[in-house]
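A.B. asks: Next up is a structure, given as structure tokens.
The values are calculated or read from the model by the stated rules, or taken from the named source; none is laboratory data. Predicted model only: the values in this text are computed from it and were never measured. No Cβ is skipped: glycine too gets one built from the backbone with ideal geometry, and neighbour counts run over all protein chains shown. Accessible surface is based on the protein model in full, side chains and every heavy atom, while ligands, DNA and RNA are left aside. Shrake-Rupley method; radii C 1.70, N 1.55, O 1.52, S 1.80 Å.
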Amino acid sequence: PATSKGARTMNILILVAEIAPFSHVGGLARGTHALAKALCKRGHDVRVLTPMHAASYDFLRATKHRLHTEKIMTMPSLKQGLRGKSVSIRSFRRNAIDEHVYFVDYPDYFRLRSQPYGYMDDYKRYYLFSLACADWLSVLRKEGKGWFPDVIQCHDWHTGYFVDLIKKNPAYIRIRRI
């Protein structure tokens, strides 16, 4: 497929800790939201993967938007240490021309906390986020049907774990070849 200007369209995944209007502390959320919208406007299929923070949950509830649960599973690499709880990937899309937003929902680490950052265990929370991202992409790749990214954009330190995981862990070798 091509954009309106003849360039090839791409499937783009944006990994980010916060995105407006769902959750935002500062410029990261507003900047990635503007980037996603601009890429969509150019004809690209943009997906955003972000944690389901309390602010995201509250925003969706207040605006009466419904979430679709794409997958509810214990991600393969997350079976240890979650006290029997699963990580959900839930999706939201306002309309066909906006970016498609996916939320990593693990309430103990994200939804039940009032702020996206500032906790002593932030490193654990965003490591779990990165593992969930990598496992979700592995499942998408394995299923071999539907959408899969051509490009993955990782924003800020929160997604640095993801980059390290796909570089070093043989379980994610199929993602590396993007």
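A.B. asks: For segment 47-62, state whether one or more residues are modelled with pLDDT of 90 or more, open to solvent by less than 10 Å² (accessible area, probe 1.4 Å) and part of a loop (DSSP other than H, G, I, E, B).
C.D. replies: There is at least one residue in segment 47-62 that is modelled with pLDDT of 90 or more, open to solvent by less than 10 Å² (accessible area, probe 1.4 Å) and part of a loop (DSSP other than H, G, I, E, B).
A.B. asks: Of all residues in segment 4-37, which are polar (S, T, N, Q) and surrounded by fewer than 20 Cβ atoms within 10 Å (Cβ to Cβ)? Let's see the steps before the verdict.
C.D. replies: Taking segment 4-37 as the starting set, the residues that turn out to be polar (S, T, N, Q) are 4, 9, 11, 23, 32.
Within segment 4-37, SER4, THR9, ASN11 meet the criteria.
A.B. asks: Could you tell me which residue of segment 87-128 is nearest to PRO149 (Cα to Cα), considering only residues that are at pLDDT below 85 and among the acidic types (Asp, Glu)?
C.D. replies: For segment 87-128, the residue satisfying everything is GLU99.
A.B. asks: Output the residues belonging to segment 8-25 that are in contact (Cβ under 8 Å) with a residue 40 or more places away in the chain and not in a strand (DSSP E or B).
C.D. replies: Initial filter on segment 8-25 (in contact (Cβ under 8 Å) with a residue 40 or more places away in the chain): 10-19, 22-23, 25.
Within segment 8-25, MET10, VAL16, ALA17, GLU18, PHE22, VAL25 qualify.
A.B. asks: Select from segment 136-169 the residues that are part of a helix (DSSP H, G or I), modelled with pLDDT of 85 or more and open to solvent by less than 50 Å² (accessible area, probe 1.4 Å) and list them in ascending order.
C.D. replies: TRP136, LEU137, HIS158, THR159, GLY160, PHE162, LEU165, ILE166
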